[in-house]
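Take a look at this one; I'll ask things after.
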Amino acid sequence: MRNFLLTLMFDGSAYHGWQVQSNAVTVQETLQDALERILGTRYPVTGCSRTDSGVHALEFCCNVRAETALCPERLSAALNAVLPRDIAVRSCREVPLGFHARYDCLGKTYQYILWNGKTRNPFYERRAYFYPYVLDAAFLNEQAQDFVGRHDFSAFCAANSEVADRVRTIRSFSVERQGERVQLTVSGDGFLYNMVRIMVGTLLDIQSGKLPAGCIPKIFESLDRTKAGVTAPAAGLYLAQVAYNERDLFLNPLDVGR
């Protein structure tokens, strides 16, 4: 038995997230189908996290324990030959049998892409959130710094979340504009269900005046989901980097669309 760490890229538009579901097509199921086609046996695949329906990944890590004589390079090439064109294996390497893609993860970086123009961009359809209103990236970057640090994110996760420990550490949060494209990049030790999308939605509600500037610390104190902003659409969200060692935590993730 060998253990392989696969790093994927995927456009999540056609999938109902990562995790296998009985009544919907998912990235995990599609990858397991491809592995079964190549290896002749259906092996379970363990992902670094769950992603919502429509969420994308520039770097999604998963591991599979399998009996095969294929080297990592051959396995990667074989998978890319049979996977649909919206999923690709960026890399494959052999890791110790005890390695676990989720539990050994030290941190993740997400990017959220906004198309902030007067008209929608067809090349960003389903790959960014079209936001045609006034958006001050420098102002939002300033507001986003209130997320940095160790906090209880109960107010910034889905109301139906069953996770008991909601304390997470955000290492950095930046908002940058490049023409009509605005990118929000957030790195932390872990993220709750819908957490990034709610943080983005809260910043947009501050921008629009629905929430006052400087309100984020008070929202943390409330522990109340209803005090935070809306949940931003899934289409703009990308898992950009997964860190398994200290060095990875300080690497710049691949930027989408640049």
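The values are calculated or read from the model by the stated rules, or taken from the named source; none is laboratory data. Quick caveat: nothing in here was measured; it's all calculated off a predicted structure. Cβ coordinates were reconstructed from backbone atoms using ideal geometry, including for glycine residues, and neighbour counts include every protein chain displayed.
For region 108-128, what are the residues that are in contact (Cβ under 8 Å) with a residue 40 or more places away in the chain and over 28 Å from GLY188 (Cα atoms)? Explain how you work it out, then say what you get.
The initial filter retains those residues of region 108-128 that are in contact (Cβ under 8 Å) with a residue 40 or more places away in the chain, namely 108-117, 121, 124, 126-128.
The answer is GLY117, ASN121.
May I ask you to verify whether TYR110 is of a type in the set (Ser, Thr, Tyr) and surrounded by 14 or more Cβ atoms within 10 Å (Cβ to Cβ)?
Values: of a type in the set (Ser, Thr, Tyr): yes; surrounded by 14 or more Cβ atoms within 10 Å (Cβ to Cβ): yes.
Against the criterion (of a type in the set (Ser, Thr, Tyr) and surrounded by 14 or more Cβ atoms within 10 Å (Cβ to Cβ)), TYR110 qualifies.
What tally of residues in region 9-28 results from selecting those that are free of Cβ contacts under 8 Å to residues at least 60 places away in the same chain, in contact with a strand residue (DSSP E or B) (Cβ under 8 Å, 6 or more places away or on another chain) and surrounded by fewer than 18 Cβ atoms within 10 Å (Cβ to Cβ)?
Counting residues in region 9-28 that are free of Cβ contacts under 8 Å to residues at least 60 places away in the same chain, in contact with a strand residue (DSSP E or B) (Cβ under 8 Å, 6 or more places away or on another chain) and surrounded by fewer than 18 Cβ atoms within 10 Å (Cβ to Cβ) gives 1.
Checking SER187 against (1) of a type outside the set (Asp, Glu); (2) over 30 Å from ILE87 (Cα atoms); (3) at pLDDT 95 or above: exactly one of these is not met. Which one?
(2)
Please go through region 20-37 and pick out each residue that is in a helix (DSSP H, G or I) and not small (Gly, Ala, Ser). Spell out how you get there, then give the answer.
Residues of region 20-37 in a helix (DSSP H, G or I): 27-37.
VAL27, GLN28, GLU29, THR30, LEU31, GLN32, ASP33, LEU35, GLU36, ARG37, listed by residue number.
What is the number of the single condition among (1) within 20 Å of the chain's Cα centre (by Cα); (2) crowded, with 21+ Cβ neighbours inside 10 Å; (3) under 18 Å from GLN183 (Cα atoms) that ARG127 does not meet?
(2)
Could I ask something else about it? Evaluate region 162-173: report whether one residue or more is surrounded by 15 or more Cβ atoms within 10 Å (Cβ to Cβ) and at pLDDT below 95.
Yes - at least one qualifying residue is present in region 162-173.
For region 130-161, which residues satisfy the criterion of being more than 28 Å from TRP115 (Cβ to Cβ), surrounded by 16 or more Cβ atoms within 10 Å (Cβ to Cβ) and of a type in the set (Ser, Thr, Tyr)? Before the answer, list the steps.
Filtering region 130-161 for residues more than 28 Å from TRP115 (Cβ to Cβ) gives 149-152, 154, 159-161.
Next, from what is left, pick out any that are surrounded by 16 or more Cβ atoms within 10 Å (Cβ to Cβ): 151, 154.
Within region 130-161, just SER154 meets the criteria.
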